[in-house]
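What follows draws every value from the coordinates through simple rules; no lab data is involved. If you're wondering where the values come from, they're calculated on a predicted model, not measured in any experiment. Ideal geometry is used to build each Cβ from the backbone, glycine not excepted, and the neighbour counts take in all protein chains shown.
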Number of protein chains: 2
Amino acid sequence: MPEEDTSSTGEQLLKVLSALSNPHRMRIIAALAVERNYVSRLARETGMSRPLLHMHLQRLEAAGLVTGSLELSDDGKAMKFFDVAPFIYELTPQTIAAAAETLRQGRQEAHSELEGRGQ
Amino acid sequence: MPEEDTSSTGEQLLKVLSALSNPHRMRIIAALAVERNYVSRLARETGMSRPLLHMHLQRLEAAGLVTGSLELSDDGKAMKFFDVAPFIYELTPQTIAAAAETLRQGRQEAHSELEGRGQ
DNA sequence: ACCACCTGTCAAGAAGAGTTGACACGTCCC
DNA sequence: GGGACGTGTCAACTCTTCTTGACAGGTGGT
């Protein structure tokens, strides 16, 4: 098994931020903060379609902001309940800078810049 | 003085989050946290084109994360310097929930859900 | 005049996120 | 067998964001 990268790396923070930067997903967090809920009911209460909510939930879960668990109700129906994860992120210039340091993707090393600026 | 809307309203936080949820913009914040810089040089150092950087900077400025000021150098050239704003945002389920409360856009209050369905 | 540097904006294409409807499966009750 | 409810997934479409190249302007120096 490949080791997990649990540290708050740039990619992780990026995933969290892009997961949170959406009105629908913010409202989903708000709804789940009040009470845990299952998909169909949450879709009814928030007024969004099931496929749409499903996609948003799986985006939030991928970012580690909510957790879903499949449970069986008394009448044998399988319902997936979602809870908010107790996350806490502090956003400051230093935080962002530290995360950006671990984002070396596609950025080539500047071997030698042509500093011939006349000025 | 007129009261500013400094509170983390939903739209404001949404703008901040979507501004931060981008690898290029994260790297711009990181670069400006080290030292203030002007557009062309920043474009050179980050390896992005001027129009692209210009767009990202104006997105960051619109979110209040950086501030730009047009200054004149010794040789009379007009250069726009950018600084990071000393922002600080705390992201928790409660924070998001509070912000989502002020996001009542298009979401009608569920007057009564006794549509034809049972239950 | 040219060339260096700085600033900004525009249209248009490429890429990705959001959204919908219809489909698949399951259990339980009448 | 219907219907109610629950789950998930798929291909298409729309929409926003991203990205590029070419263009506009400016100053100062050789």
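Listed values, structure above:
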{"quantity": "Residue tally, condition of a type in the set (Lys, Arg) and either buried (at least 18 other Cβ atoms within 10 Å of the Cβ) or within 10 Å of chain B (Cβ to nearest Cβ) (or both), over the range A:42-58", "calculated": "1"}
{"quantity": "Count - residues of the range A:63-78 that are more than 14 Å from every other protein chain (Cβ to nearest Cβ) and more than 9 Å from DNA strand C (Cβ to nearest atom)", "calculated": "4"}
{"quantity": "Every pair of residues 6+ apart whose Cβ atoms lie under 6 Å, when the first sits in the range B:25-39 and is facing chain A (nearest Cβ under 7 Å) and free of Cβ contacts under 8 Å to residues at least 60 places away in the same chain while the second is among the small types (Gly, Ala, Ser) and surrounded by fewer than 19 Cβ atoms within 10 Å (Cβ to Cβ)", "calculated": "B:Ala30/A:Ala97; B:Ala33/A:Ala97"}
{"quantity": "In the range A:62-71, residue surrounded by the most Cβ atoms within 10 Å (Cβ to Cβ) [restricted to those that are of a type in the set (Gly, Ala, Ser) and in a strand (DSSP E or B)]", "calculated": "A:Gly68"}
{"quantity": "Residues that are away from DNA strand D (no atom under 13 Å from the Cβ) and under 22 Å from B:Val16 (Cβ atoms), drawn from the range A:33-59", "calculated": "A:Ala33"}
{"quantity": "Residues within the range A:72-106 that are within 12 Å of DNA strand D (Cβ to nearest atom) and exposed (fewer than 12 other Cβ atoms within 10 Å of the Cβ), tallied", "calculated": "8"}
